[in-house]
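In what follows, a single structure is set out as structure tokens and then discussed.
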């Protein structure tokens, strides 16, 4: 049973990406994954800077890094901000990438050798595609193995029903397919 964390780059009430994250959690659990829902609102992460890091590594940044490091896979769901990832998510990724203790500068224990998947919901007709291009590049840079499957939910304001489910079968099946692939790849890498 792979351990997979779902990380949503939005803390907004009524966030479409939070709704997509909840669907992803259910899809991963249906694949037998042990899922950790990482709510970034529960972490006090200052904007990353080397000055802060060199003074005292923030306790919540270290806690987040430990959560990521304990996983076999990571699923990131990000809104698109000006054609890129949300600042909240980028900051969390950056803090978890930093070395702690006696790790080398590029240990990347939160990411190296782990499977990752990416998803986005957006009110735009592009479904957050531009942001996911950047997110894929960022995660590859920190040595995560990003699976080819990804989920884009365009026109998100009309995509979910009152219960939070996706109205159309195609995007719902893509969530399930991506969860299945992430669980399989994470389990294989952890073996």
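Within the set 41, 30, the sole residue that is under 28 Å from residue 191 (Cα atoms), exposed (fewer than 14 other Cβ atoms within 10 Å of the Cβ) and at pLDDT 95 or above turns out to be 30.
Would you mind finding the one in 183, 156, 179, 169 that is at negative phi, surrounded by 22 or more Cβ atoms within 10 Å (Cβ to Cβ) and over 16 Å from the mean Cα position of the chain (by Cα)? Before the answer, list the steps.
Working: 183 fails: over 16 Å from the mean Cα position of the chain (by Cα); 179 fails: over 16 Å from the mean Cα position of the chain (by Cα); 169 fails: surrounded by 22 or more Cβ atoms within 10 Å (Cβ to Cβ).
It is 156.
All conditions but one from (1) touching a helix residue (DSSP H, G or I) at 6+ places or on another chain (Cβ under 8 Å); (2) within 15 Å of residue 16 (Cα to Cα); (3) at pLDDT 95 or above apply to residue 127; the one that does not is (3). For region 84-112, filtering for residues that are at positive phi and surrounded by fewer than 19 Cβ atoms within 10 Å (Cβ to Cβ) leaves 1.
The single condition among (1) under 15 Å from the mean Cα position of the chain (by Cα); (2) more than 20 Å from residue 175 (Cβ to Cβ); (3) buried (at least 17 other Cβ atoms within 10 Å of the Cβ) that residue 48 does not meet is (1).
The set of residues in region 23-51 being outside any loop (DSSP other than H, G, I, E, B), in contact (Cβ under 8 Å) with a residue 40 or more places away in the chain and farther than 16 Å from residue 182 by Cβ consists of 40 alone.
Only one residue in 189, 174, 182 is touching a strand residue (DSSP E or B) at 6+ places or on another chain (Cβ under 8 Å), under 13 Å from residue 76 (Cβ atoms) and assigned to a helix (DSSP H, G or I). Which one? Write out each step before concluding.
On the way: 189 fails: under 13 Å from residue 76 (Cβ atoms); 174 fails: under 13 Å from residue 76 (Cβ atoms).
It is 182.
A residue that is without any contact (Cβ under 8 Å) to a residue 60 or more places away in the chain and within 19 Å of residue 14 (Cα to Cα) occurs somewhere in region 84-95.
Would you mind finding the one in 68, 57 that is closer than 20 Å to residue 111 by Cβ and either in a loop (DSSP other than H, G, I, E, B) or touching a strand residue (DSSP E or B) at 6+ places or on another chain (Cβ under 6 Å) (or both)? Result of the check over 68, 57: 57.
Every condition in (1) in contact with a strand residue (DSSP E or B) (Cβ under 7 Å, 6 or more places away or on another chain); (2) within 22 Å of residue 175 (Cβ to Cβ); (3) modelled with pLDDT of 95 or more holds for residue 87 except the one numbered (2).
Total residues in region 113-141 satisfying the condition of being surrounded by fewer than 22 Cβ atoms within 10 Å (Cβ to Cβ), part of a loop (DSSP other than H, G, I, E, B) and in contact with a strand residue (DSSP E or B) (Cβ under 9 Å, 6 or more places away or on another chain): the figure is 2.
Just to be sure before I move on: is residue 74 within 30 Å of residue 159 (Cβ to Cβ), outside any helix (DSSP H, G or I) and under 11 Å from the mean Cα position of the chain (by Cα) in the structure I sent? Even if it seems obvious, please write down each step before you answer.
Values: within 30 Å of residue 159 (Cβ to Cβ): yes; outside any helix (DSSP H, G or I): yes; under 11 Å from the mean Cα position of the chain (by Cα): yes.
Yes: the conditions hold for residue 74.
The values are calculated or read from the model by the stated rules, or taken from the named source; none is laboratory data. If you're wondering where the values come from, they're calculated on a predicted model, not measured in any experiment. Heads up, the Cβs are rebuilt from the backbone with ideal geometry, glycines too, and the neighbour counts pull from every protein chain shown.
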